[in-house]
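First the structure, in the form of structure tokens, and then the observations on it.
The values are calculated or read from the model by the stated rules, or taken from the named source; none is laboratory data. None of these values were measured; they are calculated from a predicted model. Every residue, glycine as well, gets a Cβ built from its backbone with ideal geometry; the counts of neighbours run over all protein chains shown. These area figures cover heavy atoms from the full protein model, side chains too; ligands, DNA and RNA do not enter into them. Shrake-Rupley method; radii C 1.70, N 1.55, O 1.52, S 1.80 Å.
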Amino acid sequence: RVHGDSSVHCSVYTVDSPLLLCFGLGPAGSLMRDRSVFVVRAIGLFALLGLSCAAAPMRVVDAPFYHSVAALDAELGRLAADCPYLERVDTDAVIAVRLRDSSSEQPPPRVHALFVFGEHAREPITTEVGLAFVRKICSTPAVSILKHVEFSLVLLANPRGRAIADAHPCFRPSASCVDLNRNWPFMWTPTERAVRPDGTCMQDREDHGTAPLSEPESLAIFSLAAWRGNPTPTLYVNVHSGAKEMYLPWDYSATPPERTPAIERMEAVLRSVAEQHCRCRWGSAGVITDYVALGTSADYFFSQGTNFSFTFEVYGDPAHDVDGNCFASFNPATEAEFEAVRDSWAAALETTAWAVAAQQEPQPGSADAVGFSDMTVALLAVVFNSLALALMCKTGVFSGARMVGPSRTEESSA
């Protein structure tokens, strides 16, 4: 900033804690004319601007189009008042909702989808994708995806961590320093804690928690997965940022998964989403990325019987990996790009749900396909046989015939 005849440069660097560097310079030649005046001026400017910079929120990019935690909560309150399909979930650990059509007289949908956003604190674009998805479904006409799918949406899986990341944009874990996507029972491994004695987090250490599901945020997601008597969802999508890719299991291994019908069905879904929306790379996470991840939620749900388990990476700008701008590395920094990413991936999630619902529909010609339960089919068979028997008796098919059955001797030996 330029103040009269003095120029001041102030830079903020965030690693584990903020480091503020301010430099004050007097007018050209002032050092030569009056060294003491320069020193006093420099010290004064350093102190004044140091205080003002330290007091300001440390946002690398000014992006008011993102919702804060409080603004997200308020927006969901407004949507719930206007959208008959939206239900708030009562939990303090995460911010979550359900989307379902409770007014329908049809049987409950066959598909339960669980979508998780904002698990890593520095990825607020994922929460915006989730919020756009809610708006999209709430504005859909009555004949919609909700006839086929019920949704549980964790719009912000790490609220306390996100509050830290708003001031420290590189912050990734939960407020207790745990990587929530390493805190799940399948292939979980213990690690050293990343908590310093003063309670701050060591960002260079990956903390998996003291035990699987040790964190309240993970436990809340685990609880939301159960729906209508099923412990796991039909469809699970964990939404992240840092790249533009889509993954299916496994995260824990760099070896390609065995080509089973389940894997082929998931590949068909991702192929369709890639062609219609992201035009991005997709495949087994441990194969197409340069690292493996242990104890992830996507691996856990797939191991427990979830038919379709995915991770979507919705945005990444590697150009900022060099300059250290964490916010812009993981989130679009301009409003136009923000809206494009948000809306395209909200649409991709709906396409994913439709594709899974189509695969879960009963085969044409089956009893389920026309809405008949097993009990209904059995009753219809009894009625049909009774009518056929009566018709045969009336037309004399049984005239002159006698019932033949086993003799008592035969009956006793049978």
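For segment 146-155, state whether one or more residues are part of a loop (DSSP other than H, G, I, E, B), modelled with pLDDT of 95 or more and of a type outside the set (A, V, I, L, M).
Of all residues in segment 146-155, those part of a loop (DSSP other than H, G, I, E, B) come to 148.
Within this subset, residues satisfying the condition of being modelled with pLDDT of 95 or more are none.
Within segment 146-155 (the criterion being part of a loop (DSSP other than H, G, I, E, B), modelled with pLDDT of 95 or more and of a type outside the set (A, V, I, L, M)), the answer is no, since none of the residues qualifies.
Please go through segment 88-122 and pick out each residue that is acidic (Asp, Glu), within 30 Å of Ala163 (Cβ to Cβ) and open to solvent by 10 Å² or more (accessible area, probe 1.4 Å). Within segment 88-122, Asp90, Asp92 meet the criteria. Whenever a residue of segment 195-214 is under 17 Å from Glu119 (Cα atoms), its partners that are open to solvent by 60 Å² or more (accessible area, probe 1.4 Å) and not in a loop (DSSP other than H, G, I, E, B), lying with C-beta atoms within less than 8 angstrom and at least six residues away or across chains, give the pairs Leu213/Leu219; Leu213/Phe222. Being in contact with a helix residue (DSSP H, G or I) (Cβ under 8 Å, 6 or more places away or on another chain), under 17 Å from Val239 (Cα atoms) and buried (at least 24 other Cβ atoms within 10 Å of the Cβ) is the requirement here; does Ala293 meet it? It is false that Ala293 is in contact with a helix residue (DSSP H, G or I) (Cβ under 8 Å, 6 or more places away or on another chain), under 17 Å from Val239 (Cα atoms) and buried (at least 24 other Cβ atoms within 10 Å of the Cβ). Looking at this structure, is Pro159 surrounded by fewer than 24 Cβ atoms within 10 Å (Cβ to Cβ) and either under 18 Å from Glu87 (Cβ atoms) or not charged (D, E, K, R) (or both)? Yes, satisfied. Check whether at least one residue in segment 242-251 is outside any loop (DSSP other than H, G, I, E, B), within 19 Å of the chain's Cα centre (by Cα) and small (Gly, Ala, Ser), and report yes or no. Yes, the conditions are met somewhere in segment 242-251.
Listed here are the residues, each with its yes/no results for (1) open to solvent by less than 50 Å² (accessible area, probe 1.4 Å); (2) modelled with pLDDT of 85 or more; (3) in contact with a Lys or Arg (Cβ under 6 Å, 6 or more places away or on another chain); (4) under 17 Å from His240 (Cβ atoms).
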{"residue": "Ala319", "(1), (2), (3), (4)": "no, yes, no, no"}
{"residue": "Ala333", "(1), (2), (3), (4)": "yes, yes, no, no"}
{"residue": "Glu337", "(1), (2), (3), (4)": "no, yes, no, no"}
{"residue": "Ala340", "(1), (2), (3), (4)": "no, yes, no, no"}
{"residue": "Thr352", "(1), (2), (3), (4)": "yes, yes, no, yes"}
{"residue": "Pro364", "(1), (2), (3), (4)": "no, no, no, no"}
{"residue": "Asp368", "(1), (2), (3), (4)": "no, no, no, no"}
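Here is the figure for segment 178-206: residues that are in contact with a Lys or Arg (Cβ under 9 Å, 6 or more places away or on another chain) and surrounded by fewer than 21 Cβ atoms within 10 Å (Cβ to Cβ) total 9. For segment 272-312, the tally of residues that are of a type in the set (Ser, Thr, Tyr), over 16 Å from the mean Cα position of the chain (by Cα) and assigned to a helix (DSSP H, G or I) stands at 2.
Here are some residues: Glu264, Glu258, Glu275. Which one is at pLDDT 95 or above, surrounded by fewer than 15 Cβ atoms within 10 Å (Cβ to Cβ), more than 29 Å from Ala340 (Cα to Cα) and out of contact with any helix residue (DSSP H, G or I) (no Cβ under 8 Å at 6 or more places or on another chain)? Answer to the check: Glu264.
Test Pro233 against the stated conditions and say whether it is touching a helix residue (DSSP H, G or I) at 6+ places or on another chain (Cβ under 6 Å) and touching a residue at least 12 places away in the same chain (Cβ under 8 Å). Spelling it out, Pro233 is indeed touching a helix residue (DSSP H, G or I) at 6+ places or on another chain (Cβ under 6 Å) and touching a residue at least 12 places away in the same chain (Cβ under 8 Å).
Selection of first residues in segment 90-107 that are β-branched (Val, Ile, Thr) and of second residues that are assigned to a loop (DSSP other than H, G, I, E, B) and open to solvent by less than 30 Å² (accessible area, probe 1.4 Å), restricted to Cβ pairs under 9 Å at least 6 apart or on distinct chains, gives the following pairs, ordered by first then second residue: Val94/Gly118; Val94/Ala157; Val94/Asn158; Ile95/Gly118; Ile95/Ala157.
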